[in-house]
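Down below is the structure, laid out as structure tokens.
The values are calculated or read from the model by the stated rules, or taken from the named source; none is laboratory data. This is a predicted model, so every value here is computed, not measured. Backbone-built Cβ (ideal geometry, glycine too); neighbour counts: all protein chains shown. Keep in mind that these areas ignore ligands, DNA and RNA; they rest on the heavy atoms of the full protein, side chains included. Shrake-Rupley method; radii C 1.70, N 1.55, O 1.52, S 1.80 Å.
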Amino acid sequence: MNVFLTGAGGYIGSAVARSLIEAGHSVLGLTHTARRAGSLADAGVQPIIGNLKDPSGWARHAAACDALVHCAFEMGPDAPATDRAAIEALLKAARSADAARLLVYTSGVWVLGSSRTPLDESSPLRPLPIVAWRPSHEKLALDGAGGKLRTAVVRPGCVYGGKGGLFELLLKPLASQGAVRLIDGGANCWAVVHLDDLAELYLRLIEHGPETGVFHATDGSAEPLRDIAEAFLEAAGGGSLQPWPLDEAKVTLGPLADALALDQRVSSEKARRTLGWTPKYTSIIENADELFEDWKRAGARPVGS
Ligand SMILES: NC(=O)c1ccc[n+]([C@@H]2O[C@H](COP(=O)([O-])OP(=O)(O)OC[C@H]3O[C@@H](n4cnc5c(N)ncnc54)[C@H](OP(=O)(O)O)[C@@H]3O)[C@@H](O)[C@H]2O)c1
């Protein structure tokens, strides 16, 4: 299949590109960083240089592909507007061809809010303030389905594996200072997923052509952050954990602090049942040594870094 992938050089997008290419698909990867084009090409991605904000530069490439996968994300105050404009442009491109198309939109589990019992795709949304805008974007993508166009929303847990993502917040200070601060001591659990397993879920969505709908992508574990940090400390050869009161963390991190303090359980039974998706990684703690080594050497691996 021909796949148009935004954010092809990003943390999630590069893993999705790798898995699609390994499975024999052609990937046209959008990047707004021209210097990334060469390394994307080296990784087997056909680079399309363009900006989410200016679809005129890339929409015709998207329109020509069987699947359109949105993994790009622009940080900053314009993030919601840029993301909405990108979804609208992708929907328009997908509808412009009178042919079967799949649009995959990447959301995240933070739209679900906290819960100590597993939430599924039918659970009511209680988004954290940092992603208050996200549910309407999910709806835009889902409501855009019709005729020959199907749309899927993927809600990954916090992604681990390789270099990138939120776990950098643990691993970087641990490697450089031998110390990690954990909000309110880290008794909370994040819903998480390994990068390679997440990429496999995208591959299955694209290859198995699901009905329109939402798919959670989490590994089923519920490991307190404190225990994860201790396992990484051991893998790194020692260090210390320091509690960080939430109010103090908010001064430094703003609304991200509430997201890091989230205590959440999320079920991915739907993806297991309907896509035959079985995550290979189901514990960070048990794989901490491998993950730490992987993180240290990951500079050699990403597409388009
Ligand atoms: N990482 C996680 O743990 C996680 C968990 C759940 C959900 N998510 C969601 O998944 C999505 C991707 O996350 P990520 O961690 O892969 O982010 P990322 O590593 O920052 O990748 C995003 C990519 O978007 C591209 N981009 C940014 N602004 C652009 C623009 N104006 N035009 C075109 N491309 C642009 C950038 O690539 P170029 O510089 O090459 O253009 C960047 O590498 C986000 O929506 C995020 O909220 C992430």
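For the reader, a short list of remarks on this structure follows.
- Measuring only protein heavy atoms, the 1.4 Å probe finds Asp294 accessible over about 20 Å².
- Listed pairs Lys53/Lys172; Lys53/Lys148; Lys148/Lys270 exceeding 28 Å between Cα atoms: Lys53/Lys172
- Cα shape, the range 13-66, gyration tensor, a/c 1.5 rule: oblate
- The chain: relative contact order in percent, alpha carbon pairs under 8 Å with at least 6 residues between: 21
- Report note on the peptides 158-170, 117-129: ranked by the mean count of other C-beta atoms within 10 Å, highest first, their order is 158-170, 117-129.
- Pairwise Cα separations in the range 118-256 fall into 10 Å bins from 0 onward with the following percentages, short to long: 10, 33, 33, 17, 7, 1.
- For the range 112-161, the relative contact order comes to 22 percent (Cα pairs under 8 Å, sequence separation of at least 6).
- At a probe radius of 1.4 angstrom, the accessible area of the range 1-131 per residue rounds to 43 square angstrom.
- Helix 288-297 axis versus longest C-alpha principal axis of the chain: approximately 60°, rounded to the nearest ten.
- Comparing Ile284, Ile130, Ile12 in a Gaussian network model of the chain where C-alpha atoms under 10 Å apart are linked, the largest mean-square fluctuation is found at Ile130.
- Taking the 1.4 Å solvent-accessible surface of the chain as the whole, the part contributed by carbon and sulfur is 52%.
- Whole-number percent relative contact order across the range 142-270, with pairs defined as alpha carbons under 8 Å at least 6 apart: 35
- Whether the range 1-107 is rounded, prolate or oblate, judged on the alpha carbon gyration tensor where a/c under 1.5 counts as rounded: oblate
- Helix-only mean residue ellipticity at 222 nm for the chain, each DSSP H run of n ≥ 4 adding -39500 (n - 2.57), per residue, nearest 500: -11000 deg cm²/dmol
- Rounded tilt (10° steps) of 11-22 against the dominant C-alpha axis of the chain: 60
- Largest first and in whole Å, the equivalent-ellipsoid semi-axes of the chain read 32, 21, 18, each the square root of five times a Cα gyration tensor eigenvalue.
- DSSP beta bridges in the chain [antiparallel fraction, %, rounded to 5]: 5
- In the range 229-305, the trypsin sites (Lys or Arg not before Pro) that fall in loop regions by DSSP, at most 13 other Cβ within 10 Å: Lys280
- In the context of the full protein assembly, Ser56 retains an accessible surface of approximately 100 Å², using a probe radius of 1.4 Å and ignoring ligands and nucleic acids.
- Cα centroid separation, the range 74-92 to the range 160-237: 25 Å.
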